[in-house]
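Enquirer: Supplied in C-alpha cells, the structure appears directly below.
The values are calculated or read from the model by the stated rules, or taken from the named source; none is laboratory data. For clarity, every value in this text was computed on a predicted model and none was experimentally measured. Because the Cβ atoms are built from the backbone with ideal geometry, glycine has one as well, and the counts that use them run over all protein chains shown. Areas reflect the complete protein model, heavy atoms only, side chains present, ligands, DNA and RNA absent. Shrake-Rupley method; radii C 1.70, N 1.55, O 1.52, S 1.80 Å.
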Amino acid sequence: MRVRVDPLVCEANAVCVGLAPEVFDLNDDDELQILQPDVPADQQDRVRHAVRSCPKAALTLEE
C-alpha cells in the first residue's frame, strides 16, 4: 500500500497526523509530509482511516 497527498488540495488540517503520526507529519511551513509513503502493514488500518477522514480528500491510496 502506498499513500500520496495532493499538495494543492491539502489544507494541513492535520487530521491524518492525529490518526497516524507514524506516517504523517506537518513540517515547519505547515505542509503535510508523508514519513512512510510505503505504508507498513501494522499502520495500514490507521492510514485507511486517515484517508477516509481527510476533510479535503487530499489523500489517496494505491493498494
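Enquirer: For the chain, what does the equivalent ellipsoid look like in terms of its semi-axes, each the square root of 5 times an eigenvalue of the Cα gyration tensor, given largest first in whole Å?
Expert: Sorted largest first and rounded, they come to 17, 12, 10 Å.
Enquirer: Also, I was wondering about something else. For a paramagnetic label modelled at 7 Å from the Cα of GLU62 toward its Cβ, which residues of the range 16-34 fall within the zone defined by backbone nitrogen distances under 17 Å?
Expert: 34
Enquirer: I need the trypsin sites (Lys or Arg not before Pro) found in the chain, filtered to DSSP loop residues with at most 16 other beta carbons within 10 Å of theirs.
Expert: Passing both the DSSP loop test and the Cβ count: LYS56.
Enquirer: Share of the chain's accessible area from carbon and sulfur, percent, 1.4 Å?
Expert: 44
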